[in-house]
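Rule-based calculations on the coordinates, nothing more; no lab input. Bear in mind the structure is a predicted one, so any value in this text is a computation, not a measurement. For neighbour counting, all protein chains shown are included, and Cβ atoms are generated from backbone atoms with ideal geometry for every residue, glycine included.
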Amino acid sequence: MSADPIRVVEVPLVDRSYEVHVGHGAVTRLGSLMPVRARRAVVVTQPGLDIAVDPGIAHTVVEIGLGEAHKRLTTIDDLCRSFAAAGLARNDVVIGVGGGMVTDVAGFAASVWHRGIAVVHVATSLLGMVDAAIGGKTGVNLSNDDGTAAGKNLIGSFWQPSGVICDLDHLATLPEREQRCGRGEMAKYHFLTGDDLLAMSLTDRVARCVEIKAEVVAADEREGGRRALLNYGHTLAHALEASTDHGLAHGEAVAIGLAYAARLARELGRVGDDRVAEHDRVVVDEYGLSIELPQPSDPDRLLALMATDKKSLDGGLTFVLDGPNGVEVVPGVDPAAARSALATMP
Ligand SMILES: NC(=O)c1ccc[n+]([C@@H]2O[C@H](COP(=O)([O-])OP(=O)(O)OC[C@H]3O[C@@H](n4cnc5c(N)ncnc54)[C@H](O)[C@@H]3O)[C@@H](O)[C@H]2O)c1
Ligand SMILES: [Zn+2]
């Protein structure tokens, strides 16, 4: 037996639980995740990924464009035409092979084709494995006429996959910046649970992240309460992504957002200096990420953007913050505290 065997994590949902296979070589399990009645598959992927998959049934490969600009409804329209051309029927299956963008788009297309057919994800980016491919949120951006995003993930559905593969061998070709983005989300899981993920083997680490997300999603599939905890570090992160016109990538922004959340919690008397230092140590020293605000940063703009965050109730400031009871949702945060905490950022 291999030193680091493939792990199977179950996402326990009430009526349709599914398995996530994590490990080196896990893609060989793809055939076992095909719905029994599926006769045909369409594999949705991106150019340049070059990841061979064998679902064990007849299949056609379709590529979508690279980059968020292609995460839009016209791509779904194109995909559905490909599904029709491939003869994809009610009992058949879509397979998303790629990072979060591919799995979001493939999942959404599967959720509307014939009013919903099965989808299996082969997550190939670290962020896809520990976050995007798990949990059933799918969608595309609302786009302007010129293709730029007018609202991220505004058009979408909840559509759980029938199974997910996280083959760690696929990470070998993932660019360093994308690895960093995945580490930003992993650092988040560290604070949600206190787990020392970096002490684990890569298989155990990714499997544990999947487990943490699965546990939160199972408790709250459609995001009323607990699922909001997954937004730890994300309120400032979303504001930074918008204010830098996505010059900062999501995971990079989350790293800064985690350091900020700790400082805001301290400003509100929820944690002390030690907890702030712990956030900085973990994010910077362990996960190798920067917590410096991009310069120049306009505090007024960041505060305004944070007030429009989708978690916020009635335009007030809502954050996910650490405290004596662990990480929890904190509504009605005083804008003055949010501003002071920004001023203490490196
Ligand atoms: N549904 C959810 O719950 C959820 C959660 C988080 C993020 N997302 C979405 O996920 C997307 C971001 O995902 P991402 O960070 O994976 O980015 P991505 O899918 O855009 O991938 C980043 C780049 O890496 C490339 N890539 C992927 N795997 C590779 C590999 N193994 N080798 C070489 N290159 C590879 C991609 O082709 C792309 O160019 C966003 O659209 C975001 O909205 C969704
Ligand atoms: Zn995130």
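When region 157-178 is limited to residues that are surrounded by fewer than 16 Cβ atoms within 10 Å (Cβ to Cβ) and of a type outside the set (A, V, I, L, M), the one that is nearest to ligand 2 (Cβ to nearest atom) turns out to be 177. Screening region 25-116 for strands (runs of 3 or more DSSP E) wholly inside it with 3 or more residues that are of a type in the set (A, V, I, L, M, F, W, C) and within 16 Å of ligand 2 (Cβ to nearest atom) returns no ranges. The residues on offer are 323, 332, and the sole one that is under 20 Å from residue 230 (Cα atoms), more than 16 Å from ligand 2 (Cβ to nearest atom), in contact with a helix residue (DSSP H, G or I) (Cβ under 7 Å, 6 or more places away or on another chain) and not in a strand (DSSP E or B) is 323.
Just so you know, in region 223-239 the residues that are away from ligand 1 (no atom under 14 Å from the Cβ) and over 16 Å from residue 150 (Cα atoms) include one that is surrounded by the most Cβ atoms within 10 Å (Cβ to Cβ), and it is 236. If you check 276, 284 for being touching a Lys or Arg at 6+ places or on another chain (Cβ under 6 Å) and either part of a helix (DSSP H, G or I) or within 16 Å of ligand 2 (Cβ to nearest atom) (or both), only one passes: 276. The residues listed here are 165, 134; of these, the one that is closer than 16 Å to residue 217 by Cβ and touching a residue at least 60 places away in the same chain (Cβ under 8 Å) is 134. Applying the selection to region 160-187, what residues are under 24 Å from residue 13 (Cα atoms) and either near ligand 1 (Cβ under 10 Å from one of its atoms) or under 13 Å from the mean Cα position of the chain (by Cα) (or both)? 167, 185, 186, listed by residue number. Filtering region 242-255 down to residues that are assigned to a helix (DSSP H, G or I) and more than 10 Å from ligand 2 (Cβ to nearest atom), which residue is surrounded by the fewest Cβ atoms within 10 Å (Cβ to Cβ)? Looking at the filtered set, the residue picked out is 242.
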